[in-house]
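Enquirer: Attaching a single structure in structure tokens format; questions to follow.
The values are calculated or read from the model by the stated rules, or taken from the named source; none is laboratory data. What you see is a predicted model; the values in this text were computed from it and never measured. Methodologically, a virtual Cβ is constructed for each residue, glycine included, from the backbone with ideal geometry; neighbour enumeration extends over all protein chains shown.
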2 protein chains.
Amino acid sequence: MNNSPNVVDLKVLKQACKNCGLSDLCLPLGVSAEELEALERIIDRKRPLQRNEHLYVAGDRMTSLYAVRSGSVKTYTVTNDGQEQITGFHLPGELLGLDAINGGLHPCSAKALETTSICEMPFEALEEVSQRIPALQHQLFRIMSREIQADEHFMMLLGKKSSDARLAFFLLSLSTRLGARGFSHKEFYLTMSRNDIANYLGLAVETVSRLFTRFQNAGIVHVRRKLVTIERLEPLRQIAGVHRIQERCQPENQDLPPLQPPLI
Amino acid sequence: MNNSPNVVDLKVLKQACKNCGLSDLCLPLGVSAEELEALERIIDRKRPLQRNEHLYVAGDRMTSLYAVRSGSVKTYTVTNDGQEQITGFHLPGELLGLDAINGGLHPCSAKALETTSICEMPFEALEEVSQRIPALQHQLFRIMSREIQADEHFMMLLGKKSSDARLAFFLLSLSTRLGARGFSHKEFYLTMSRNDIANYLGLAVETVSRLFTRFQNAGIVHVRRKLVTIERLEPLRQIAGVHRIQERCQPENQDLPPLQPPLI
DNA sequence: CGTATGATTGACATATTTCAAGGTCTGTGG
DNA sequence: CCACAGACCTTGAAATATGTCAATCATACG
């Protein structure tokens, strides 16, 4: 079935891009069938990570990029005053390690939030292959560009948006990304703790907790521990002040009471 | 002197990468002399922009990346509730437009803060050339990676740091970047307004203004309108809680009064 | 089951924003 | 060259969103 010359491990090859449901989210987008083979040859599938296991830690030499196949990963740095700062949560189909190309060392650590399987792509090989396959090079540029764009968007969130807008955005982002991966848009498990969410969004845990209760009392979401159900999408969008990227900006955030003010 | 076949405009060619003092900050880093020629052939130098002139506006089709040659540029989006959000200030040697590769449209607008000259690099040509020149491809990956890394760092600033840390970081960042470009580390003009700074740092103008006075009263910087003089670097670093990237993290932020508390 | 960890809730503290006023440049046109 | 207008910046006082501290509660896990 697979005529690759270097059959090291059947399990590895079975999981290659061709048969991966994520291929349209991940690298192979826009890469032809033959080109895919060249790509597959360099991609390795690591043993799955257990919850809390590290994929790499800050300071590690960067040798590969990684794609999440299933599960989820958080990346974080430790600031010099010793506190953790989460830089991102990564879902299936998303790439990890792009921030390390520049310096050759990982500036962040990456830790599995649940049992997670990962594809490893040795970076030098990836560069070499993308040297031969324009579509792959282009795709890599696109992926990095998308990351930059997302970061800019997130900077706006942190710089200008209130706590409720941040949480709403966070939930919508998860919903959209999980939806794109074939999971439910409406109902999902949070694989990260409230602490992680707060940390990521630049808020205190208590604030996040209060917001969940407020959202729930307002009938917008239902939250039971880690399980989130989005009940009404539109209000959530309003709260997030969604900024549907790539759309002409018309003031859409007209009225709507500010989420039942303090909601005493 | 230049044997390029398509001599359209002498002025353009005179300004090519080879003679550009910024080449070690900009694309050509790590590109050999011959390779440089191929690169130069596609780089165009636009007429300088006047203050407040746009290089592109959000929604424009992306055709080129741009490098700042001299002057400075701000990039910003307008959120759907109509307020501007500045996503970055760009100094000589820095690239613009990386966030647009993904969608093909510029998600931000770019506006000159002063008279500014720009190199234009048609993106398709750039991709094609970097297909042939591994070092250029690598350099592009690195530049995008660096951008991602910087964004992550900035996210931490916005999410976790106090207003004084933000302004201190901002001043240090300008100082470092200007220094790398041959300008003074210690004394420079702010080409952006207080409003722009506040907007960028996620603060109110008034807060920025007060912080400048506080820093000045503490003898850390001297500020007279747009002219900033850094008097004492270390305290500024302490306030910023510098996170010297790529260094082993040891708590270095020990004591030092929190900038003469409220400084009544 | 009991313990530990994470989540929630309340009361209080505070950094930063908002509102309001006044001050200071800078460029323009007389 | 001067006067003026408008933008920009600074400062103070009051308001507020969010953080901090502390206690309780729920859940998961050994």
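Enquirer: Restricting to the stretch A:82-99, name every residue that is at the interface with another protein chain (Cβ under 7 Å from one of its Cβ atoms) and either under 19 Å from the mean Cα position of the chain (by Cα) or modelled with pLDDT of 95 or more (or both).
Expert: If the condition is that a residue be at the interface with another protein chain (Cβ under 7 Å from one of its Cβ atoms) and either under 19 Å from the mean Cα position of the chain (by Cα) or modelled with pLDDT of 95 or more (or both), then A:Gln85, A:Thr87, A:Leu98, A:Asp99 are the ones that fit.
Enquirer: Now for a different question. What are the residue pairs meeting all of these: first residue in the stretch A:194-213, first residue in contact (Cβ under 8 Å) with a residue 24 or more places away in the chain, second residue near DNA strand C (Cβ under 9 Å from one of its atoms) and among the small types (Gly, Ala, Ser), Cβ atoms under 8 Å, and 6 or more apart or on different chains?
Expert: A:Thr207/A:Ala198; A:Val208/A:Ala198
Enquirer: Can you name the condition, by its number, that A:Leu203 falls short on among (1) closer than 23 Å to B:Gly104 by Cβ; (2) at pLDDT 90 or above?
Expert: (1)
Enquirer: Here's something else I'd like to know. Keeping to the stretch B:153-173, report how many residues are surrounded by fewer than 22 Cβ atoms within 10 Å (Cβ to Cβ), in a helix (DSSP H, G or I) and free of Cβ contacts under 8 Å to residues at least 24 places away in the same chain.
Expert: Going through the stretch B:153-173 one residue at a time, the tally reaches 2.
Enquirer: Go through (1) more than 16 Å from DNA strand D (Cβ to nearest atom); (2) within 10 Å of chain B (Cβ to nearest Cβ); (3) in contact with a Phe, Trp or Tyr (Cβ under 6 Å, 6 or more places away or on another chain) and name the single condition A:Leu157 misses.
Expert: Exception for A:Leu157: condition (1).
Enquirer: Which of the residues belonging to the stretch A:46-75 are closer than 21 Å to A:Leu178 by Cβ and within 10 Å of chain B (Cβ to nearest Cβ)? Outline the logic, then answer.
Expert: Looking only at the stretch A:46-75, we keep the residues that are closer than 21 Å to A:Leu178 by Cβ, and these are A:48-49, A:51, A:55, A:66-75.
The one that is closer than 21 Å to A:Leu178 by Cβ and within 10 Å of chain B (Cβ to nearest Cβ): A:Thr75.
Enquirer: Tell me, which residue of the stretch B:188-235 that is part of a loop (DSSP other than H, G, I, E, B) and among the basic types (Lys, Arg) is farthest from B:Asn52 (Cα to Cα)? Quick ask: steps written out before the conclusion?
Expert: Of the residues in the stretch B:188-235, the ones part of a loop (DSSP other than H, G, I, E, B) are B:190-193, B:202-204, B:218-220, B:225-226, B:231-232.
So of that shortlist, the ones also among the basic types (Lys, Arg) come out as B:225-226, B:232.
Numbers: B:Arg225: 19, B:Lys226: 17, B:Arg232: 33 Å.
Selected residue: B:Arg232.
Enquirer: When the residues of the stretch B:205-236 are filtered to those that are among the charged types (D, E, K, R) and more than 10 Å from DNA strand D (Cβ to nearest atom), which remaining residue is surrounded by the most Cβ atoms within 10 Å (Cβ to Cβ)? I'd like the intermediate steps shown before the answer.
Expert: Within the stretch B:205-236, the subset among the charged types (D, E, K, R) is B:206, B:210, B:214, B:224-226, B:231-232, B:234.
Checking which are more than 10 Å from DNA strand D (Cβ to nearest atom) leaves us with B:231-232, B:234.
Details: B:Glu231: 15, B:Arg232: 13, B:Glu234: 10.
Looking at residues that are among the charged types (D, E, K, R) and more than 10 Å from DNA strand D (Cβ to nearest atom), I get B:Glu231.
Enquirer: Further, regarding this structure: Just to be sure before I move on: is A:Ser145 surrounded by fewer than 21 Cβ atoms within 10 Å (Cβ to Cβ) and either more than 12 Å from every other protein chain (Cβ to nearest Cβ) or not charged (D, E, K, R) (or both) in the structure I sent? Steps first, please.
Expert: Working: surrounded by fewer than 21 Cβ atoms within 10 Å (Cβ to Cβ): no; either more than 12 Å from every other protein chain (Cβ to nearest Cβ) or not charged (D, E, K, R) (or both): yes.
When the stated conditions are applied, A:Ser145 does not pass them.
Enquirer: Given the conditions (1) touching a residue at least 60 places away in the same chain (Cβ under 8 Å); (2) away from DNA strand C (no atom under 16 Å from the Cβ), report the number of the one that B:Phe183 does not fulfil.
Expert: Exception for B:Phe183: condition (1).
Enquirer: Which count do you get for residues in the stretch B:194-213 that are more than 11 Å from B:Gln85 (Cα to Cα) and in contact with a Lys or Arg (Cβ under 7 Å, 6 or more places away or on another chain)?
Expert: 4
Enquirer: If you check A:Glu252 against the conditions, is it in the same structural domain as A:Leu172 (by TED's automatic domain parsing) and modelled with pLDDT under 70?
Expert: So A:Glu252 fits the description; yes.
Enquirer: Looking only at the stretch A:26-81, which residues are assigned to a strand (DSSP E or B) and at pLDDT below 75?
Expert: From the stretch A:26-81, those assigned to a strand (DSSP E or B) are A:44-45, A:49, A:54-56, A:61, A:64-70, A:73-78; that's our starting set.
A:Asp44, A:Arg45, listed by residue number.
Enquirer: Follow-up. Would a scan of the stretch B:114-134 turn up a residue that is facing chain A (nearest Cβ under 9 Å), surrounded by 22 or more Cβ atoms within 10 Å (Cβ to Cβ) and farther than 28 Å from B:Gly202 by Cα?
Expert: Yes - at least one qualifying residue is present in the stretch B:114-134.
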